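Colleague: Mind looking over this structure? Questions follow.
The values are calculated or read from the model by the stated rules, or taken from the named source; none is laboratory data. Here the structure is a predicted model, which is why all the values come from computation and not from measurement. Cβ sites come from the backbone with ideal geometry, for glycine too, and all protein chains shown count toward neighbours.
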Amino acid sequence: MVTKVKSKIIKKNRLTELLDKLAKEYDLIGPVQDNVISFKQVKSGSEITLDFVNSVLSPKNAFFPQTETLFRFSGDGEGFKAEPEPETDKERVIFGIRACDARSLHLMDMVFGGQLEDSYYMRKRAKTILIGLACFNPAETCFCPTFGIDPTSPEGVDIVFTDVDDRYWVQALTEKGASLLDQLAEFFDEPLGDEAKLKDAKAAGLTKMKKLDVAGLPDKMEPLYNDAYWESIGMKCLGCGICTYLCPTCHCFDLVDEGRDEGGERFRSWDSCMFPDFTLMASGENPRPDQKARVQQRFFHKLKYFPDRYGEVACTGCGRCLKYCPVNINITKIIGDVMSGKTKNE
Amino acid sequence: MSENIYLPRMATIKSMRPETIDVTTFQIALNGTNGESRFDYESGQFAEVSVLGVGEAPISITSSPTPPETLEFSIRRVGQLTNALHELNVGDKIGIRGPFGNSFPLKELEGQNMLIIGGGIGLAPMRSVILNLFDNRKKYGKIDIIYGARSPQDLVFKSEYEEWQNVENTGLYLTVDRGDEEWKGNVGLVPNFLKEINPSPENTTGITCGPPIMIKFVVQALAELGFTSEHVITTMERKMKCGVGKCGRCNIGGKYVCLDGPVFTLKQLEEMPSD
């Protein structure tokens, strides 16, 4: 943390130019409108769109790719070399990350960091500068204030861009962020002084945002283990896995080998607790044999096990899972039911 | 940057000892850069064993850590990876990551009588305990080993029974679900056999591993015999990938079997949700 926040502004009509410069000097990743809005590496600033509420896919993929080669091996046994994929050492900049997704990186850091550190994830984290984008236009499905997140003030990022009037208010929250601003000084001007006021005025409308009561939530989950409540949700669930696919905090993965005699690779890919074979053993035993058990696992993991292990609920209120679930399984309703004891009426 | 937790170390198969028609004991030596042939481990820990190109699976360590060089895995041929392992030959290379997980608290159990109850391939991690106890024989009281399998042909480590029985103050009780013409021993399920043997719970800890259904009834039988849940220890099996608490599938309630287990007391299991 810098003791004094470095604060600048940039005129909106100079943003593309700034992003072009970033794309030249860094691997620049930002929100791109394809079929859906997702974070992708771009070659120029004009590829980036800022016309979005939130991306359909979070930038999780930039740190924990959907598939990632862990190492390659040669086939003759003797000459086995487990060589991790070389990564470019080029620094990366992610532009436009929302407060909810920034929080999810903080949560995933606890999983992939720690004593048994996952070097693939941590290396990508270390070489990435995060530029957050304040959010003033949340979707109906958003409920990030539940977890103490202020969508207009992303935390855990290096720089925050806030859209005020004809300019972006640019604040560096870390040394890394401050030195990037110095490096790009040509694009920035001194603040006019009314930025904080303009921001507050825009943020005033957000007080209506959904904020659930989650006080003591993990403890309230505990007695619901094996409750019939999960049966009714399990009955609805199609097991499609879209919730885990879109969730910015879901981190489960599979390890798979490809190729053998001619050499090959071991890669990892996202996996999902919604799938039957996630826990199916070679013996035929499956400790989570039905969708009830799998749905229960998903919500217990988010709301009970993760907080027990790491001290925080594994949800950021991004709303993706409830927005895209084909059968309207809604984590905000589930949290509400748990908190109010309505699970017994299901 | 720290070492790569997913990168296996290469090891050579030194010997393959058939135990039954579908179980083989593999003796492994690491091709250690400093000349080491194995890593340090404790009884109850497991390792991720790789056949490159096929995959990786968590396998409990069968040997005792007491001899300085030995590293053995007794592996039943049951899935893709174990099938591929059984197709290998002495001298072939495999990958090893580990050791992972916690271990049996053998140090804390010194001075007690030990009751080992195994079923089928569940004797594999128990053998690490048995040989470890034998190598520290003076530190423990009576050692009773109750072991059962489906048929006489399915009993593992048969070549070692005579030696085990000759260790002082040690009892070996064998049973099979179905006998044959040559079988002179007990016929019946392990939990029932356990009740017939009727071991005293006094100053005794029971350690059990076997198929889940056997463990369930062994635990009930031990309770009937007066064993308290602090004095019953088991080791759990779950599907695992990473072995280090990242991949998210081996949890029982909030406990990761790979990190917090695989060894749990019955008391710990009772406090956990039952999935």
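Colleague: Sort out which residues of the range A:139-174 are among the charged types (D, E, K, R), at pLDDT 95 or above and farther than 23 Å from A:Cys315 by Cα, and write them in order of number.
Modeller: Listed by number, the residues that qualify are A:Asp163, A:Arg167.
Colleague: Quick check on my filter: what residues within the range A:209-224 are in a helix (DSSP H, G or I) and surrounded by 16 or more Cβ atoms within 10 Å (Cβ to Cβ)?
Modeller: Selection gives A:Leu217, A:Pro218, A:Lys220, A:Met221, A:Leu224.
Colleague: Would you check if A:Asp109 is modelled with pLDDT of 95 or more and either out of contact with any helix residue (DSSP H, G or I) (no Cβ under 6 Å at 6 or more places or on another chain) or part of a strand (DSSP E or B) (or both)?
Modeller: Against the criterion (modelled with pLDDT of 95 or more and either out of contact with any helix residue (DSSP H, G or I) (no Cβ under 6 Å at 6 or more places or on another chain) or part of a strand (DSSP E or B) (or both)), A:Asp109 qualifies.
Colleague: Quick check on B:Leu52: is it within 14 Å of chain A (Cβ to nearest Cβ), under 28 Å from B:Glu3 (Cα atoms) and at pLDDT below 95?
Modeller: yes
So that you can scan it fast, the table gives a plain yes or no per residue for (1) within 20 Å of B:Ala124 (Cβ to Cβ); (2) not assigned by TED's automatic domain parsing to the domain that holds B:Pro191:
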position	(1), (2)
B:Thr208	yes, no
B:Ile215	yes, no
B:Val218	yes, no
B:Gly226	no, no
B:His231	no, no
B:Gly248	no, yes
B:Pro262	yes, yes
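Colleague: Then there is this: Out of the range B:55-91, which residues are charged (D, E, K, R) and within 14 Å of chain A (Cβ to nearest Cβ)?
Modeller: B:Glu56, B:Arg76, B:Arg77, B:Glu87
Colleague: Within the range A:308-346, track down each residue that is surrounded by fewer than 19 Cβ atoms within 10 Å (Cβ to Cβ), under 19 Å from A:His106 (Cα atoms) and under 20 Å from the mean Cα position of the chain (by Cα).
Modeller: Answer for the range A:308-346, where residues must be surrounded by fewer than 19 Cβ atoms within 10 Å (Cβ to Cβ), under 19 Å from A:His106 (Cα atoms) and under 20 Å from the mean Cα position of the chain (by Cα): A:Tyr310, A:Gly311, A:Glu312.
Colleague: For B:Glu3, indicate whether it is over 20 Å from the mean Cα position of the chain (by Cα), of a type in the set (D, E, K, R) and assigned to a loop (DSSP other than H, G, I, E, B).
Modeller: The answer is yes for B:Glu3.
Colleague: Working only within the range B:54-76, note down all residues that are within 16 Å of B:Val23 (Cα to Cα) and among the β-branched types (Val, Ile, Thr).
Modeller: Hits for the range B:54-76 are B:Ile59, B:Ile61, B:Thr62, B:Ile75.
Colleague: In the range B:159-191, which residues are over 23 Å from B:Arg17 (Cα atoms), of a type in the set (S, T, N, Q) and surrounded by 15 or more Cβ atoms within 10 Å (Cβ to Cβ)?
Modeller: Once the filter is applied, which keeps residues that are over 23 Å from B:Arg17 (Cα atoms), of a type in the set (S, T, N, Q) and surrounded by 15 or more Cβ atoms within 10 Å (Cβ to Cβ), the range B:159-191 yields B:Thr170, B:Asn186.
Colleague: Also, quick follow-up: Only one of B:Ile21, B:Ile28, B:Ile121, B:Ile117 is among the hydrophobic types (A, V, I, L, M, F, W, C), more than 9 Å from chain A (Cβ to nearest Cβ) and either without any contact (Cβ under 8 Å) to a residue 12 or more places away in the chain or out of contact with any strand residue (DSSP E or B) (no Cβ under 6 Å at 6 or more places or on another chain) (or both). Can you tell me which?
Modeller: Testing whether each residue is among the hydrophobic types (A, V, I, L, M, F, W, C), more than 9 Å from chain A (Cβ to nearest Cβ) and either without any contact (Cβ under 8 Å) to a residue 12 or more places away in the chain or out of contact with any strand residue (DSSP E or B) (no Cβ under 6 Å at 6 or more places or on another chain) (or both) leaves just B:Ile21.
Colleague: Check B:Tyr41, B:Tyr6 and return the single one that is buried (at least 16 other Cβ atoms within 10 Å of the Cβ), within 30 Å of B:Ile233 (Cα to Cα) and facing chain A (nearest Cβ under 8 Å).
Modeller: B:Tyr6
Colleague: From the set of residues in the range B:212-238 that are assigned to a loop (DSSP other than H, G, I, E, B) and over 16 Å from the mean Cα position of the chain (by Cα), which is surrounded by the most Cβ atoms within 10 Å (Cβ to Cβ)?
Modeller: It comes out as B:Phe227.
Colleague: Since A:Ser272 meets every condition but one in (1) within 27 Å of the chain's Cα centre (by Cα); (2) at pLDDT below 95, which condition does it not meet?
Modeller: (2)
Colleague: Just to verify a result, which residue in the range A:245-268, among those that are facing chain B (nearest Cβ under 7 Å) and within 16 Å of the chain's Cα centre (by Cα), is farthest from B:Gly53 (Cα to Cα)?
Modeller: Residue satisfying both the conditions and the ranking: A:His251.
Colleague: Inspect all residues belonging to the range B:259-269 and state whether any of them is within 10 Å of another protein chain (Cβ to nearest Cβ) and within 20 Å of the chain's Cα centre (by Cα).
Modeller: Yes: the range B:259-269 contains one or more residues that are within 10 Å of another protein chain (Cβ to nearest Cβ) and within 20 Å of the chain's Cα centre (by Cα).
Colleague: Confirm whether A:Pro248 is at pLDDT below 95 and buried (at least 21 other Cβ atoms within 10 Å of the Cβ).
Modeller: So A:Pro248 fails the test.
Colleague: Which residue pairs have Cβ atoms under 8 Å apart, sit 6 or more places apart or on different chains, and have a first residue in the range B:89-108 that is part of a loop (DSSP other than H, G, I, E, B) and a second that is small (Gly, Ala, Ser) and at pLDDT below 95?
Modeller: Every condition considered, the pairs that remain are B:Asp92/A:Gly77; B:Gly101/B:Gly261; B:Asn102/B:Gly261.
Colleague: Kindly provide the set of residues from the range A:88-129 that are facing another protein chain (nearest Cβ under 9 Å), acidic (Asp, Glu) and either within 28 Å of A:Glu47 (Cα to Cα) or under 14 Å from the mean Cα position of the chain (by Cα) (or both), ordered by number.
Modeller: None - no residue of the range A:88-129 is facing another protein chain (nearest Cβ under 9 Å), acidic (Asp, Glu) and either within 28 Å of A:Glu47 (Cα to Cα) or under 14 Å from the mean Cα position of the chain (by Cα) (or both), so the list stays empty.
Colleague: Taking B:Gly248 as meeting all but one of (1) of a type outside the set (Ser, Thr, Tyr); (2) on the phi < 0 side of the Ramachandran plot; (3) within 14 Å of another protein chain (Cβ to nearest Cβ), write down the number of the exception.
Modeller: B:Gly248 satisfies every listed condition except (2).
Colleague: Against the conditions (1) surrounded by 16 or more Cβ atoms within 10 Å (Cβ to Cβ); (2) more than 14 Å from every other protein chain (Cβ to nearest Cβ); (3) in a strand (DSSP E or B), where does B:Ser15 fall short? Just the number, please.
Modeller: B:Ser15 satisfies every listed condition except (1).
Colleague: Now, a different point. Those residues that are away from chain B (no Cβ under 11 Å), in contact with a helix residue (DSSP H, G or I) (Cβ under 6 Å, 6 or more places away or on another chain) and not hydrophobic (A, V, I, L, M, F, W, C), I need them from the range A:299-338; list them, please.
Modeller: Residues satisfying the conditions are A:Thr316, A:Gly317, A:Arg320, A:Tyr324, A:Asn330, A:Asp337.
Colleague: Can you confirm whether the range B:210-226 contains a residue that is under 29 Å from B:Pro8 (Cβ atoms) and β-branched (Val, Ile, Thr)?
Modeller: no
Colleague: Working only within the range A:269-298, note down all residues that are more than 9 Å from chain B (Cβ to nearest Cβ) and within 17 Å of A:Asp254 (Cα to Cα).
Modeller: A:Ser269, A:Trp270, A:Ser272, A:Met274, A:Phe275, A:Pro276, A:Arg294, A:Arg298
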